[in-house]
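The values are calculated or read from the model by the stated rules, or taken from the named source; none is laboratory data. Remember, it's a predicted structure, so these values are computed and weren't measured experimentally. Backbone-built Cβ (ideal geometry, glycine too); neighbour counts: all protein chains shown.
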Amino acid sequence: MINKKITWFLTAATLFVTSGMINSSPVRAARISFTQIKKYNRAYNHTAKSFTTVDGFLTADSWYRPKKILNNGKQWVNSTHHDKRPLLMSWWPNKQTQINYLNFMNNNGFGPNFSLHNNDDSQNDLNVASRQVQVAIEQKITSENGDTSWLKKLITTFVNSQPQWNIKSENYNYNDGFQGGSLLYGNSKLTPAANSKYRIINRYPNMQTGKIGYDDEGQSDGNEFLLGNDVDNSNPVVQSEDLNWVYYLTHFGDITQHDSNANFDGIRFDAVDNVDADLLNITANYFKQEYHVNQSDQNANNHMSILEDWAGKDPNYIEDHGNNQLTMDGDQHFAMINSLALPLKQRLSMKHLNEYTIVDNRSNDTTQNRAIPNYSFMRAHDSGVQELLFQIIKDKYDAKFNGGKINPTYLRKALKIYDADEKATNKKYTYYNIPASYAFMLTNKDTVPRIYYGDMYTDDGQFMAHKSPYYDAIEAMLMARIKYVAGGQRMRVQSGLLTSVRFGSGANTVKATGNAKTRTSGIGVIVGNRPNLKLKANDKIVLNMGAAHKNQDYRSVITPTSNGLATYSNDDAALVDNQSIKTNQKGQLILTGKQLKGYSNPQLSGYLSVWVPVGASANQDVRTNSSNAQRSRKQTFRSNAALDSQVIFEAFSNFQSMPKNHSQYENVVLANRVADFKKWGITYMQLPPQYRSVSGNSFVDATTQNGYAFNDRYDLGFNSPTKYGTADELANVIKTFHNNGIKSLADFVPNQLYNLPGQQVVSATRVDMNGKPIKGANINKRLYVANAISSKNNYQFKYGGAFLGELKQQHPQLFKTKQISNGQRLVANQPLKQWSAKYLNGSNIQGRGADYVLQNPADKRYYMVNHQHIYLPSSIK
């Protein structure tokens, strides 16, 4: 309530204004009433030039040109086209907002020293106070020589403070996805440029037809909304643009360097279960047409595609569609976590690790071309890393943090805790038994292993600058893989220990005698997850190495010690340390209870030993080359020894530091260290997403600038470097890899775009991650200002759709095929040069509030000024 002193002041102010003392001409000013002031604050005219709008709609941040301005707070003068003022200087949607505005301005030095409340204050008093604020603002503008940039910042701060115009009215939810909520775009007669007849959401592999394709206990296995602006990959224009983009990546060297040796060889497909599955078929058909990957193993293995497909039934979908990409063995990934990586009390049995995989039967795996072709991994740039850091932040610094907007200071502190935890015996956050997981994975048959950079080097710090505690063990296994891992496989669980045997080159069974290389190849692994393991002295663990290996000395590659894992790169080093055992007449390698016990140290929580035959030459290589023999075109990839000989290196961490000088850029480092990758037997480098990141802290991708938070699909470091280097350095490292027999995968990220620079008004509804409307949400088919327009001055505008004509000419069949989800064909004559809402499904909520697009509280009509409609607040009309 306004007290007596303030009432006196407002009464005096009323007299002050109405008496004309506000004007340098008392005679003229005496005629100015509040009605006249209101008249001067009205819009100069009703043309769009007199307003700042979004698509013709007035927003809480809109400015307009009044008929007159109060020069220096004293004299009314005619406005010019330079003299725009905030709409909120003269209009408010309700009394409370006006009160909030006056209090805000008063606190910032514009107005008398009073405090306003709600219905205790008369509208007349509020109007008088509003005029006083206007006088003070105009005086400030005059003193700043007409500059209003300070006022724009002030008004924006006020708008952001009001619930109806900020994230509070968007029903932000800490637990609703990574970024606290999603908006689904719809159609409205008021937004014709943003409307679409597509937006067919949730058509990931297990729902491509709109119905669950594989029985998965009623689970649909995916969701549409993940991060940023969600791209509508059901729109045939977007699908065609996706094809154009894949062509650009696989011809990057041709297009930018006129050098095909700098082309990416294949792709890693990001977030498969968050995009329209038509893209799987489109990219598969492109690789078939362009590289004939379904005609020979050599073609397929030279142009590999791998999927980030977490859903349980994705392998079935991939198999039914011809194994055109490598699905990931998610079952095996989670089995390694559950049996080896978790704290002791949470670990499942070694039997679980043995059985939980998409490969049917490793207990006696002697066949080829039977298993679903796949790749396996222990951790990735986000999985097994990101969520652990999030937990540290939540435990130590921000109890409400769920992985959304991230504090960079907290992240840096969390990484220090994370690094120290990896070096601890009793870990609180990081995974146990990373080396044991790799020993298991790198020796398995019927899978392509993927090595994660952050398991060999620290996740943070400059690229490849600091080795992890697990580096030596993983390197030893990679080098042993080249020399020894071949042949059939037998896996068993004995006394709680998992034993895995590869029989050697040319040998598929225990009974096979094999050839000369069989004798010097093959490998045996023993893995346990109990640090308190203690067998009886006469207990035995038997590794049936095969008849070809009878009466043969075996030596250790990895053996456990109290202080960690000892590794041996050659026969001599192991024999000096007495790390050898001889097989018996049956080819059995037998370890007794005296030799087996559990260990607990930073590298091992349980047991691990790896054994190989003595006598292999220093340059022995048991890998199998891919055949160029023509075969049935029914499927692309086949699980055989040639595919098993591939090894992928995921060459980045989300959290590696920003380079401080040229030599630290990843692409420069990679080119200089190519000898290491060749030594380790790496055949494919999964390069990080090279796209230029946006900045900000809306999600970890933007904070770390890892390449996933981008708004230009085609900018791979032109003109200035990304986190990983320049486009020229990218081309150079790809060529360097090629010259050393290593191929490169581009990261294909079709799900999202971040921070598009242009605004657009759309009809939006607050939804969950599956696009289902949230009951009671404030935003329900409401007009909303979204960042949905891309620039006309970027590489998307240059390259978007640029290759579709050439593609249609070279591969017409690609444009004749009807897609499954939408029943439409690709189009070559509608290049997508500029993104807008009609090509998007929606977005994460952006903090503008449910009422940011202004409307009349009485009739709910939106205020707008365009060539078709004029509807303004009465106070400025």
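So the values come out like this:
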quantity: Number of positions in the range 281-296 that are surrounded by 23 or more Cβ atoms within 10 Å (Cβ to Cβ) and either under 18 Å from the mean Cα position of the chain (by Cα) or among the charged types (D, E, K, R) (or both); calculated: 0
quantity: Residue in the range 612-634 that is of a type in the set (A, V, I, L, M, F, W, C) and not in a loop (DSSP other than H, G, I, E, B) present; calculated: yes
quantity: Total residues in the range 737-794, condition closer than 26 Å to T283 by Cα and of a type in the set (S, T, N, Q); calculated: 6
quantity: Test: D329 is free of Cβ contacts under 8 Å to residues at least 60 places away in the same chain and of a type in the set (D, E, K, R); calculated: no
quantity: Residues of the range 485-499 satisfying the condition of being out of contact with any Phe, Trp or Tyr (no Cβ under 7 Å at 6 or more places or on another chain) and either crowded, with 21+ Cβ neighbours inside 10 Å or assigned to a strand (DSSP E or B) (or both); calculated: V485, A486, Q489, R490, M491, R492, V493, Q494, L498, T499
quantity: Complete set of residues in the range 528-552 that are closer than 26 Å to T624 by Cβ, touching a residue at least 60 places away in the same chain (Cβ under 8 Å) and surrounded by fewer than 24 Cβ atoms within 10 Å (Cβ to Cβ); calculated: Q552
quantity: Test for A702: is it crowded, with 19+ Cβ neighbours inside 10 Å, more than 20 Å from M456 (Cα to Cα), of a type in the set (G, A, S) and in contact with a helix residue (DSSP H, G or I) (Cβ under 6 Å, 6 or more places away or on another chain); calculated: no
quantity: Helices (runs of 4 or more DSSP H) wholly inside the range 661-729 containing at least 1 residues that are over 19 Å from the mean Cα position of the chain (by Cα) and under 26 Å from K798 (Cα atoms); calculated: 666-672
quantity: Conditions (1) assigned by TED's automatic domain parsing to the domain that holds D276; (2) modelled with pLDDT of 95 or more; (3) among the aliphatic types (A, V, I, L, M): number failed by A311; calculated: (2)
quantity: Every residue from the range 335-351 that is part of a helix (DSSP H, G or I) and either touching a residue at least 40 places away in the same chain (Cβ under 8 Å) or surrounded by 17 or more Cβ atoms within 10 Å (Cβ to Cβ) (or both); calculated: A335, M336, I337, N338, S339, L340, A341, L344, M350, K351
quantity: Number of positions in the range 181-213 that are under 21 Å from A284 (Cα atoms) and touching a helix residue (DSSP H, G or I) at 6+ places or on another chain (Cβ under 6 Å); calculated: 3
quantity: Residues of the range 249-277 that turn out to be more than 20 Å from the chain's Cα centre (by Cα) and at negative phi, as a count; calculated: 15
quantity: Every residue from the range 145-170 that is outside any helix (DSSP H, G or I) and crowded, with 17+ Cβ neighbours inside 10 Å; calculated: T148, Q162, N166
quantity: Criterion: within 18 Å of I474 (Cβ to Cβ), in contact with a Pro (Cβ under 7 Å, 6 or more places away or on another chain) and not in a loop (DSSP other than H, G, I, E, B) - qualifying residue of L608, L643; calculated: L608
quantity: Within the range 171-190, tally of residues that are assigned to a loop (DSSP other than H, G, I, E, B), on the phi < 0 side of the Ramachandran plot and touching a Gly at 6+ places or on another chain (Cβ under 6 Å); calculated: 4
quantity: W76 vs. criteria among the hydrophobic types (A, V, I, L, M, F, W, C), in contact with a strand residue (DSSP E or B) (Cβ under 8 Å, 6 or more places away or on another chain) and outside any helix (DSSP H, G or I); calculated: yes
quantity: The lone exception for S836 - which of (1) of a type in the set (S, T, N, Q); (2) under 36 Å from the mean Cα position of the chain (by Cα); (3) exposed (fewer than 14 other Cβ atoms within 10 Å of the Cβ) it fails; calculated: (3)
quantity: Given (1) part of a helix (DSSP H, G or I); (2) surrounded by fewer than 18 Cβ atoms within 10 Å (Cβ to Cβ), index of the condition S240 fails; calculated: (2)
quantity: Members of the range 55-101 that are hydrophobic (A, V, I, L, M, F, W, C) and within 41 Å of the chain's Cα centre (by Cα); calculated: F57, L58, A60, W63, L87, L88, W92
quantity: Residue count for the range 58-95, restricted to those that are within 20 Å of L872 (Cα to Cα), surrounded by fewer than 17 Cβ atoms within 10 Å (Cβ to Cβ) and either touching a Pro at 6+ places or on another chain (Cβ under 9 Å) or not charged (D, E, K, R) (or both); calculated: 2
quantity: Residue satisfying all of: in the range 589-644; touching a helix residue (DSSP H, G or I) at 6+ places or on another chain (Cβ under 6 Å) and aliphatic (A, V, I, L, M); nearest to I372 (Cα to Cα) among these; calculated: A642
quantity: Qualifying residue in the range 142-160 (condition: out of contact with any Asp or Glu (no Cβ under 8 Å at 6 or more places or on another chain), among the aliphatic types (A, V, I, L, M) and modelled with pLDDT under 95); calculated: no
quantity: Test set (1) out of contact with any Gly (no Cβ under 8 Å at 6 or more places or on another chain); (2) more than 30 Å from F463 (Cβ to Cβ) - I417 fails condition number; calculated: (2)
quantity: In the range 247-294, the residues that are touching a Pro at 6+ places or on another chain (Cβ under 9 Å) and of a type in the set (A, V, I, L, M); calculated: A271, V272, V275, A277, L279, L280
quantity: Residue in the range 373-400 that is nearest to the chain's Cα centre (by Cα), counting only those that are surrounded by fewer than 20 Cβ atoms within 10 Å (Cβ to Cβ) and part of a loop (DSSP other than H, G, I, E, B); calculated: D382
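To keep it simple, each residue is scored yes or no on (1) in contact with a helix residue (DSSP H, G or I) (Cβ under 9 Å, 6 or more places away or on another chain); (2) in the same structural domain as M89 (by TED's automatic domain parsing); (3) not basic (K, R).
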| site | (1), (2), (3) |
| --- | --- |
| Q123 | yes, yes, yes |
| L126 | yes, yes, yes |
| Q134 | yes, yes, yes |
| K140 | yes, yes, no |
| N145 | no, yes, yes |
| L154 | yes, yes, yes |
| S161 | yes, yes, yes |
